[in-house]
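A quick write-up on the structure given underneath.
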Amino acid sequence: MKTRIVAASAALAASVLAAVAAHAQDYPNKPIRIVVPYSAGGMTDVVARVIGQKLGERLGQPVVVDNKPGAATIIGAEAVAGAKPDGYTLLAATNTTLTINGWLYPNLRYDPVKAFVPIALVAAAPSVIVVHPAVKAKTLDELVKLGGTKAGNLSYASYGNGSSAHLAGEMLRTRTRMEVLHVPYKGSAPAKAAVMAGEVSMTFEPAFTGVPQINGGQLRALAVMSGKRSAALPEVPSVAELGYPGMEMSAWVGLVAPAGTPPAIVSKLATEIEKVLAQPEVQKQLLSNGAEPVGHYQDAFAAYMREESARYGKVIADAHIKAD
């Protein structure tokens, strides 16, 4: 009896695996949807559309971008976390979605790590420390020195409590012991506008959105918050080369699928995205928008997320940051 049960179980397992393999081999046979948890026009949306178009050409099926903004990316992420894990619904996720929100919102209805399977880390745009032109600091060292004096009266704008700009500001403050006031705004556009108007001394602007104002002279860039210089701002030094390692902050975009998506489908998507990212045309499109191609896939992407989550978690805990 036991032998028959074992044999039956093995046969059932084999049939299930065969069905999954057949499904993966047939994939995709209908359009794929990439949910972007932001409004159209931002970095995540642009990256998703650039990659989606070329991915669709390679797979022979349309890849449609579906914008679901709101609630610090939670609305879009929740929609994908609850979607059928068949490879036809993907999420264009950011560090906010996967490595920050879990620390700020303990009552999320999904686990930012366990609810998704990493496919590919596609692109990143490092934050840039920018100041109003009237600020009496031409370098990061001068800014730090200014922030150590009462005459400095420095303040920094963020996109709200718990935003990447807020975390960047806390990294700078704790790393340098500067005296700088946090001024939260409702979104990146009003935060940047406040700095350009001189209402606030500085902010931390992703290269993707800050390059036009930096090149136009409305903002002065002091340093790129990365280990190396940005291709979008080659004349601006990195925090690492200026002697401030460990103070990196980037806005990045990766593609993930709902947990339970067949590994063969995830692997196929990762392979095709890697080929898409290798295309010179795609690299040029990303770079022209201030986003640098990355190309970490599956396990490497998962490891990167764990490192980022631990780093941001410490900043949030040390600074006692609470979400709005």
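Taking every residue in segment 23-48 that is aromatic (Phe, Trp, Tyr) and pairing it with any residue that is assigned to a loop (DSSP other than H, G, I, E, B) and open to solvent by less than 70 Å² (accessible area, probe 1.4 Å), at least 6 positions away or on another chain, the pairs with Cβ-Cβ distances below 7 Å are Tyr27/Gly87; Tyr38/Pro69. In segment 284-313, the residues that are under 17 Å from Thr94 (Cβ atoms) form Cβ pairs under 7 Å with partners that are outside any helix (DSSP H, G or I) and among the β-branched types (Val, Ile, Thr), at six or more places apart or across chains, as follows: Val294/Val122. Tell me, which residue of segment 175-198 that is open to solvent by 30 Å² or more (accessible area, probe 1.4 Å) and assigned to a helix (DSSP H, G or I) is nearest to Gly148 (Cα to Cα)? Across segment 175-198, the extreme among qualifying residues is Arg175.
Of all residues in segment 126-168, those satisfying the criterion of being within 23 Å of Thr73 (Cα to Cα), in contact with a Ser or Thr (Cβ under 6 Å, 6 or more places away or on another chain) and not hydroxyl-bearing (Ser, Thr, Tyr) are Pro126, Ala157, Ala165, His166, Ala168.
For segment 9-31, indicate whether the set of residues that are open to solvent by less than 40 Å² (accessible area, probe 1.4 Å), modelled with pLDDT under 90 and not in a strand (DSSP E or B) is non-empty. Within segment 9-31, one or more residues are open to solvent by less than 40 Å² (accessible area, probe 1.4 Å), modelled with pLDDT under 90 and not in a strand (DSSP E or B). Mind checking whether some residue in segment 242-257 is crowded, with 19+ Cβ neighbours inside 10 Å, out of contact with any strand residue (DSSP E or B) (no Cβ under 6 Å at 6 or more places or on another chain), part of a loop (DSSP other than H, G, I, E, B) and of a type in the set (Ser, Thr, Tyr)? So far as segment 242-257 goes, yes, one or more of its residues are crowded, with 19+ Cβ neighbours inside 10 Å, out of contact with any strand residue (DSSP E or B) (no Cβ under 6 Å at 6 or more places or on another chain), part of a loop (DSSP other than H, G, I, E, B) and of a type in the set (Ser, Thr, Tyr).
Give me the residue from segment 226-236 that is in contact (Cβ under 8 Å) with a residue 24 or more places away in the chain and either in a loop (DSSP other than H, G, I, E, B) or open to solvent by 50 Å² or more (accessible area, probe 1.4 Å) (or both) and, out of that set, nearest to Val315 (Cα to Cα). In this case the residue turns out to be Ser226. With respect to Val130, determine if the residue is more than 18 Å from the chain's Cα centre (by Cα), within 23 Å of Ser39 (Cβ to Cβ) and not in a loop (DSSP other than H, G, I, E, B). Judged against the criteria, Val130 is a match.
Does Ile119 satisfy the condition of being open to solvent by less than 30 Å² (accessible area, probe 1.4 Å), out of contact with any Ser or Thr (no Cβ under 8 Å at 6 or more places or on another chain), under 20 Å from Glu248 (Cβ atoms) and among the β-branched types (Val, Ile, Thr)? Steps first, please.
Working: open to solvent by less than 30 Å² (accessible area, probe 1.4 Å): yes; out of contact with any Ser or Thr (no Cβ under 8 Å at 6 or more places or on another chain): yes; under 20 Å from Glu248 (Cβ atoms): no; among the β-branched types (Val, Ile, Thr): yes.
No: the conditions fail for Ile119.
Scanning segment 156-174 for residues that are open to solvent by 30 Å² or more (accessible area, probe 1.4 Å) and either within 18 Å of Met43 (Cβ to Cβ) or modelled with pLDDT of 95 or more (or both) gives a single hit, Tyr159. The residues of segment 238-281 that are under 19 Å from Ile51 (Cα atoms), under 19 Å from the mean Cα position of the chain (by Cα) and acidic (Asp, Glu) amount to a single one, Glu274. Taking the criterion of being crowded, with 17+ Cβ neighbours inside 10 Å, in a loop (DSSP other than H, G, I, E, B) and at pLDDT below 90, would at least one residue in segment 205-225 satisfy it? Within segment 205-225 (the criterion being crowded, with 17+ Cβ neighbours inside 10 Å, in a loop (DSSP other than H, G, I, E, B) and at pLDDT below 90), the answer is no, since none of the residues qualifies. Looking across segment 64-88, the residues that are open to solvent by 30 Å² or more (accessible area, probe 1.4 Å), under 27 Å from Lys275 (Cα atoms) and touching a helix residue (DSSP H, G or I) at 6+ places or on another chain (Cβ under 8 Å) come down to Val64, Asn67.
Go through Arg58, Arg49 for me and flag whichever is assigned to a helix (DSSP H, G or I), more than 18 Å from Trp252 (Cβ to Cβ) and open to solvent by 40 Å² or more (accessible area, probe 1.4 Å).
Details: Arg49 fails: more than 18 Å from Trp252 (Cβ to Cβ).
Selected residue: Arg58, the only one of Arg58, Arg49 that is assigned to a helix (DSSP H, G or I), more than 18 Å from Trp252 (Cβ to Cβ) and open to solvent by 40 Å² or more (accessible area, probe 1.4 Å).
If you go through segment 89-104 and keep only what is buried (at least 24 other Cβ atoms within 10 Å of the Cβ) and of a type in the set (Gly, Ala, Ser), you end up with Ala92, Ala93. The selection criterion, being under 16 Å from Tyr244 (Cα atoms), modelled with pLDDT under 95, open to solvent by less than 60 Å² (accessible area, probe 1.4 Å) and of a type outside the set (Phe, Trp, Tyr), holds for Gly147. Check segment 72-83 and report whether any residue there is over 24 Å from Trp103 (Cα atoms) and in a helix (DSSP H, G or I). No: zero hits.
The values are calculated or read from the model by the stated rules, or taken from the named source; none is laboratory data. These numbers were taken from a predicted model, which means no experiment stands behind them. Quick reminder, even Gly has a Cβ in these numbers, built from the backbone with ideal geometry, and neighbours come from all protein chains shown. The protein model used for the area step is the full one, side chains on, heavy atoms only, and it has no ligands, DNA or RNA in it. Shrake-Rupley method; radii C 1.70, N 1.55, O 1.52, S 1.80 Å.
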